[in-house]
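Report on one structure; see the data block that follows.
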Amino acid sequence: MFIKKLVSLHFHTIKETMYSKEESKRLRKDFWTSFGVYMKKYNHLYENKIRWVNDNTKCKDIYFRLDVTKKKAFFSFDIQHNDDGMRALFYEQFEELKSVITDSFEHNLTWEPNYDTDYGDVSRIYVELPNISIFNKDTWQEIFQFLEKNIVSAHDFWDDFGEIFKTLED
């Protein structure tokens with residue numbers, strides 16, 4: 001069984017790398033469009049249209065991130081303040097609310113005060129769903145559910161506690 005799954009994963013990986021740039025771009029666009037349609041069920045709950053993929057915290061340098069690659073999906077709170085001291089202050093505030101955040105999320109979050117990205121160091125609080133692919137439409141439903149649970153939890157947390165962070169910003 002393990003070998004069969006490994007061969008299947010290997011074949012799928014090979015298949016993924018054979019997409020042209022145009023096909024890859026189209027699949028990514030189809031994925032995010034489909035996710036947007038999937039999330040419309042929340043529009044009536046929040047009394048306005050929320051752009052879930054780009055949910056705005058209205059707090060400079062704090063972002064909700066959703067991403068899906070050919071290997072995993074993830075959700076994160078990214079604190080991207082250029083000033084290390086300010087970034088640490090915001091991260092410490094998240095830590096003060098750790099029990100509330102932990103209770104709000106179904107999956108265990110990873111807490112990284114210094115996380116290296118292509119854009120520099122950030123503080124990141126995140127959760128990943130491994131072994132899925134944006135290029136495999138058979139996994140999209142699982143990915144949608146994972147992203148949904150996390151972004152809705154983050155949105156609800158931010159509705160309750162976002163003002164604390166906005167006050168720190170001032």
Counting just the residues of the stretch 139-156 that are within 19 Å of T57 (Cβ to Cβ) and without any contact (Cβ under 8 Å) to a residue 60 or more places away in the chain, which one comes out surrounded by the most Cβ atoms within 10 Å (Cβ to Cβ)?
S153
Within the stretch 25-46, can one find any residue that is modelled with pLDDT under 80, more than 17 Å from the chain's Cα centre (by Cα) and open to solvent by less than 90 Å² (accessible area, probe 1.4 Å)?
yes
Checked the stretch 121-138 for anything open to solvent by 20 Å² or more (accessible area, probe 1.4 Å) and either of a type in the set (S, T, Y) or under 16 Å from T57 (Cα atoms) (or both); matches are R124, Y126
Suppose we filter the stretch 53-68 for residues that are at pLDDT 95 or above and either over 14 Å from the mean Cα position of the chain (by Cα) or part of a loop (DSSP other than H, G, I, E, B) (or both); how many remain?
0
Only residues that are of a type in the set (D, E, K, R), open to solvent by 80 Å² or more (accessible area, probe 1.4 Å) and in contact with a strand residue (DSSP E or B) (Cβ under 9 Å, 6 or more places away or on another chain): list them for the stretch 66-91, please.
K71, D84
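The values are calculated or read from the model by the stated rules, or taken from the named source; none is laboratory data. No experiment lies behind these values; they were computed from the predicted model shown. When we count neighbours, we look across all protein chains shown, and the Cβ atoms used for this are built from the backbone with ideal geometry, even at glycine. All accessible areas refer to the heavy atoms of the entire protein, side chains included, with ligands and DNA or RNA removed. Shrake-Rupley method; radii C 1.70, N 1.55, O 1.52, S 1.80 Å.
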